[in-house]
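Structure, as structure tokens:
Values quoted throughout were computed directly from the atomic coordinates according to the rules given, and no laboratory measurement underlies them. These numbers were taken from a predicted model, which means no experiment stands behind them. We place every Cβ from the backbone using ideal geometry, glycine too, and count neighbours over all the protein chains shown.
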Amino acid sequence: MWSIKPLMFTCLFVLSVTAAQADEPPVEQRLVDTFSELAGGPHPGYRVNHAKGIVVQGFFDPDQQARQVSYAPHLQDARSEVIVRFSNATGVPDINDASPGAFPKGMAIRFLLADEEYTDIVVLSVDRFPVSTPEQFLALLTAIKNSKNSSATPSPIEQFLAQTPAAKTFVELEKPAPVGFATQSYHGINAFKFENAEGKQQFGRYLIEPVGGSEFLTEEQRQAAGEDYLKQQLSQQLQQGPVKLTISVQLAEAGDNVTDPTQVWPAERRLVKLGTLTIDSVMADGEAYAKANMFNPLAVPEGISPSDDPVLLARPVAYAISYGRRQ
């Protein structure tokens, strides 16, 4: 069902058509270019965002409740093998794990299905996005870039944040350093439509939580942490036993915005447990796997479909451009 190279070629074809109709490159290409510039790139072989990470593997056991939400194959009875990549933000390959600049952390999960098919979930350690469109995201990144050597008062980024309250709220969020990649929650910032076997459709967002609860470093511990402490901690943790996280979906209710990732739904919205993710080992050739593969939030099976969130729809196109450049 899902193959990376055909997807990449499809995305690039769409880009070429779009570019032919405009005087400047499409927004997805400019996002990738700006991410690369902000990271001091290009850095050959690395993603332009979430460049530094670790790949692990394990399995997913669906919960009985999952079938109430979707008839997707990995949410029925059978266990699925999974490949998971945890990562730091930015395209800086050697960014310090404890740096606030490495926030938010990323988590990508690939569920391996029958007949060499798969489906992906891509989430962040924050419950919202700073802007609601790819164009606004490019404006944010451009403002950051233009502020580096600017003497203007207010600076370009200060002007942008003053005009964009959601982005200002986002950058002012606390940026805690987790004890480990798997000791914090991860959020699906985009909504998907879930359909069960009876045809009932509901919009929802993913929530992934460590079974043992979230744990973060104190400020003293953060200052003393090594640059690669997250990879080391997860490797050591897995030597002692598997790591478990719960995958759930928060269901929207009438009036909840399902196409704007800046909007956080009320905490009292119904949460349905989809299953338990068990991570049991570090992938031996994880770096090679990460380079050769693109996790795609739109790689969805029947029973799950994307919302019309413009940020969600732009993500695979930008990812495909980044993927093509790192090969």
* Structure fact -> Once Lys and Arg are counted +1 and Asp and Glu -1 for all other residues with Cβ under 15 Å from that of residue 114, the total becomes -4
* Want the number for residue 216 to residue 284: 0.36 nm per residue separation, take away the alpha-carbon distance, what's left? -> 21.8 nm
* **segment 146-283 shape via C-alpha gyration tensor axes, a/c threshold 1.5** => oblate
* Asked: Going by how many other beta carbons lie within 10 Å of each one, how would you line up 38, 274, fewest first?
  -> 38, 274
* To do: Give a quick list of trypsin sites (Lys or Arg not before Pro) in segment 48-91 that DSSP marks as loop, anything other than H, G, I, E or B, with at most 15 other Cβ atoms within 10 Å.
  => 79
* Structure fact -> For 311, 282, ascending order of other Cβ atoms within 10 Å (fewest first) is 282, 311
* What net charge is computed for the residues neighbouring residue 316, neighbours being all others with C-beta under 12 Å from the C-beta of residue 316, Lys and Arg scored +1, Asp and Glu -1? -> -1
* Asked: Can you pull the three principal axis extents for the Cα set of segment 220-327, in Å, largest first?
  -> 45, 38, 33
* To do: Go ahead and set up a Gaussian network model of the chain, Cα springs under 10 Å, then flag whichever of 89, 299, 225 fluctuates most.
  => 225
* To do: Mind running the shape call on segment 234-280? Use the C-alpha gyration tensor, a ≥ b ≥ c as the square roots of the eigenvalues: rounded below 1.5 for a/c, prolate if a/b tops b/c, oblate otherwise.
  => prolate
* Structure fact -> In the list (i) 21.6, 78; (ii) 19.4, 60; (iii) 19.0, 54, the entry giving Rg and Dmax of the Cα atoms in Å computed from the coordinates is (ii)
* Which value, in Å³ per residue, describes the convex hull spanned by the Cα atoms of segment 80-207? -> 157 Å³
